[in-house]
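Beneath this line is the structure, given in structure tokens, with notes to follow.
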Amino acid sequence: MEISVFGTGYVGLVQAAALADVGHQVICVDIDPRKIAQLQRGVPTIHEPGLAEMLERNLAEGRLGFTTQASDAVLHADIIFIAVGTPPNEDGSADLGHVLDVAREIARLMDSDKTLIIKSTVPVGTADRVLAVARETLAELGKGMLNVSVVSNPEFLREGSAVNDCIRPDRIVAGCPDEATRQCIAKLYAPFNHNHDRILFMDNRSAELVKYASNAMLATRISFMNEIALLADRLGVDVNAVRKGMGADSRIGYHFLYPGCGFGGSCFPKDLKALIRTAEEQDVPPLLLRAVSEVNNQQRLVLFRRLQEFFEGDLRGKVIALWGLAFKPNTDDMREAPSRYLMEALWAAGAVVQAYDPEAMTECRRLYGYRPDLQLCATRDDCLQNADALVICTEWKTFRVVDFDLLRDKLRSRLILDGRNLYDPAEVARAGLHYRGIGVPYQAPAA
Ligand code: NAD
């Protein structure tokens, strides 16, 4: 099938590569010429395991193309994905500017019927708005005889395993207005729907809410566990034992019950805000959703507060080694990352950050530039030079096995604050270090 994709971010690029990989002819369009030039050379603009190989293969075999010309994309395909960003407005609602611009642009350029598939995360009612905008534009241009179908097809990929999630989705949710569109979606996704039927057809408004409700549910589990972890800290209880005990109940399960230094990324915080806004607009008090968000706002500052406590309120001139900048492992994405809240608080308090991340260093430099209180280090051990304490914000594999004797000798205050509960507290204490995880009882270091 001939397919076009508007937006080559995490969602659009991965989706396009996955569709090309099963044999569809795909053209991607983006308004960012730098991204397009890089992608035309076959160099991924994001870090996702497996993406580079997929890009190279499909570019070489001529199934995947990149352009800044919307007309090339619109004329190429009858099926067009919209995968542009939907950032938060000031009031928390999703900014639909890019989505509606694309809908207008497609209507302006199209000369045959099109199916528009909305991959962006958008509030309930957006598919109807996209259809209205497209029809309005067509009518203005005297092309009212052309037909547009709009499908809400939210994306559930997880950054860090985006390629795998796209190829092997748990479910494909599609709001389909009619039988012809259903058949089109079934054919499009057949290669990903081989093993058993994963497609859930429903109406567009339901499909739109599935996405927000799913993210809100996952965020709720994280905030819930973070609150339990704070309580466990006070009670001297090990939250990991509690987590395992809870997870063993098949009604609860183990997923998304890990306490930590807060959730981040481009989706959970933004989508929660948008859902809260939707509920407010409908006069449904979003009591739980607000609490989930507020718990997370507090949790992102837990590590900073503990540093303040340890250094008795004076962080001026303290050198903090920071392992992990990305909001989660296997990505270079730092949008809303807990590391950013920590670094910004540390800088405001007069501390210096020496940071290392396996993939997000370039992104960190892009965000913060060169400043005297940020040193980006070539290795995780380089961060430890003259550092007072070590803080861990991201659970990259490369941080899992460490030489605690080396850490004890390097860290002036012998303090590790672990926002991801990577280590055995008893082992760290035996090495003579102060160690605090999230919801893990403190053990005094061996003398
Ligand atoms: P992104 O910011 O990484 O990429 C969006 C891209 O769209 C950018 O490259 C931008 O230049 C491009 N763009 C903007 N306007 C355009 C236009 N008029 N024409 C062509 N391109 C245009 O965003 P993302 O992370 O890929 O997310 C896209 C959408 O998918 C959002 O609504 C997001 O909430 C949703 N989503 C994201 C994820 C994720 O893990 N990142 C997962 C599921 C859903």
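Say the cut-off is 25 Å between C-alpha atoms; which of K187/K211; K270/K397; K35/K211; K35/K397 go over it?
On the way: K187/K211 22 Å; K270/K397 27 Å; K35/K211 27 Å; K35/K397 29 Å.
Violating the 25 Å limit, Cα to Cα: K270/K397; K35/K211; K35/K397.
Among N421, G253, V99, which residue has its Cα furthest toward the positive end of the charge dipole of the chain, with +1 on Lys/Arg Cβ and -1 on Asp/Glu Cβ?
N421
Measure off 7 Å from each Cα along the Cα-to-Cβ vector at S206 and V401, then give the distance between these two points in nanometres to one decimal.
4.9 nm
Collect residues whose amide H, placed 1.01 Å from N in the peptide plane, falls under 5 Å from the amide H of A94; neighbours closer than 5 in sequence don't count.
Close amide H contacts, sequence-distant or interchain: N89.
Is the C-alpha gyration tensor of the stretch 300-436 telling us rounded, prolate or oblate? Criteria: a/c under 1.5 is rounded; beyond that, a/b larger than b/c is prolate, otherwise oblate.
Values: a/c = 1.55, a/b = 1.20, b/c = 1.29.
Here the stretch 300-436 falls in the oblate category.
Considering Cα pairs under 8 angstrom that are at least six residues apart, work out the relative contact order of the stretch 354-441 and quote it in whole percent.
Numbers: 112 pairs, mean separation 21.6, N = 88.
Rounded, it is 25 percent for the stretch 354-441.
In whole Hz and in residue order, list the ³J(HN,Hα) couplings for the stretch 84-92 that follow from phi through the Karplus curve 6.51 cos²θ - 1.76 cosθ + 1.60, θ = phi - 60°; x for Gly and Pro.
8, x, 10, x, x, 6, 3, 8, x
Between D91 and D283, what length comes free when the chain is fully extended (0.36 nm per residue of separation minus the Cα-Cα distance, one decimal in nm)? Display every interim value, and only then the final one.
Working: separation 192, 0.36 × 192 = 69.12 nm, distance 1.54 nm.
Extra length available between D91 and D283 comes to 67.6 nm.
Have a look at V133, V29, V353 and tell me which one the Gaussian network model of the chain (Cα, springs below 10 Å) gives the largest fluctuation.
Judging by the Gaussian network model, the answer is V133.
In debye, nearest 20: dipole of the chain around its Cα centre with unit charges on the Cβ of K, R (+) and D, E (-)?
Details: 50 positive and 59 negative charges, 164 e Å.
I would put it at about 780 debye.
Does anything in the stretch 148-175 have its amide N under 18 Å from the 7 Å Cα→Cβ label point of R57, and if so which residues?
Backbone N within reach: 161-169.
Could you list which residues have their amide H under 5 Å from that of L374, counting only those 5 or more apart in sequence or on another chain, with H placed in the peptide plane?
Counting only residues 5 or more places away or on other chains, the set is V353.
Karplus couplings for the stretch 63-80 from phi (6.51 cos²θ - 1.76 cosθ + 1.60, θ = phi - 60°), rounded to Hz, Gly and Pro as x?
After applying 6.51 cos²θ - 1.76 cosθ + 1.60, I find 9, 10, x, 10, 8, 9, 8, 4, 4, 4, 5, 5, 6, 5, 10, 8, 10, 10 Hz.
Scan the chain and note any complete DSSP helix (H) whose C-alpha atoms cover at least 24 Å along its axis and whose Kyte-Doolittle average is -1.0 or more.
Details: long enough: 204-235 (47 Å, 0.21).
Qualifying helices, which must be both long enough and hydrophobic enough, are 204-235.
Share of antiparallel DSSP beta bridges in the chain, in percent to the nearest 5? If you can, show how the numbers build up before the last one.
Numbers: 2 of 47 bridges.
In the chain, approximately 5 percent of DSSP beta bridges are antiparallel ones.
Check which residues have an amide H placed less than 5 Å from C28's amide H, if you skip close sequence neighbours.
Residues meeting the criterion, in which the H sits 1.01 Å from N, are V5, G65, F66, T67.
When Lys and Arg each count +1 and Asp and Glu each count -1, what net charge do the other residues less than 14 Å away from L109, Cβ to Cβ, add up to? Can you show the working numbers first?
On the way: positive: R104, R108, K114, K143; negative: D72, D78, D101, E105, D111, D113, E140.
So the environment of L109 carries a net charge of -3.
Which value, in debye to the nearest 20, gives the size of the charge dipole of the stretch 182-339 about its Cα centre, when Lys and Arg are +1 and Asp and Glu are -1 at the Cβ?
Around 300 debye, computed over the stretch 182-339.
With each pseudo-label sitting 7 Å past Cα toward Cβ, what's the A348-L235 distance in nm, one decimal?
About 3.2 nm, to one decimal.
Note down the relative contact order for the stretch 198-320 as a percent, whole number, built from C-alpha pairs under 8 angstrom at least six residues apart. Walk me through the intermediate numbers first.
Values: 86 pairs, mean separation 34.2, N = 123.
For the stretch 198-320, the relative contact order is 28 percent.
Going 7 Å from the Cα of E136 along its beta-carbon direction, which residues of the stretch 243-280 have the amide nitrogen within less than 17 Å of the resulting point?
none
Just the number, please: carbon plus sulfur as a percent of the accessible area of the chain, 1.4 Å probe, no ligands or DNA/RNA counted.
Numbers: 10060 of 19750 Å².
Carbon-and-sulfur percentage of accessible area, whole number: 51.
Determine the per residue accessible area of the chain with all protein chains present and a 1.4 angstrom probe, expressed in square angstrom. Show your work: numbers first, answer last.
Working: 19750 Å² over 447 residues.
Heavy-atom accessible area per residue stands at 44 Å².
Which whole-number percent is the relative contact order of the chain (Cα, under 8 Å, 6+ apart)?
Details: 882 pairs, mean separation 52.6, N = 447.
It comes to 12 percent, rounded to a whole number.
For the stretch 295-327, which trypsin sites (Lys or Arg not before Pro) pass both filters: DSSP loop (anything but H, G, I, E, B) and at most 15 other C-beta atoms within 10 Å? Let's see the in-between values first.
Values: sites: R300, R305, R306, R316, K318; in loops: R300, R316, K318.
Here the sparse-neighbourhood loop sites are R316.
The values are calculated or read from the model by the stated rules, or taken from the named source; none is laboratory data. For clarity, every value in this text was computed on a predicted model and none was experimentally measured. Neighbour counts are summed over all protein chains in view; Cβ atoms, including those assigned to glycine, are modelled from backbone coordinates with ideal geometry. When the accessible area is computed, the model is the full protein with side chains, heavy atoms only, and any ligands, DNA or RNA have been set aside. Shrake-Rupley method; radii C 1.70, N 1.55, O 1.52, S 1.80 Å.
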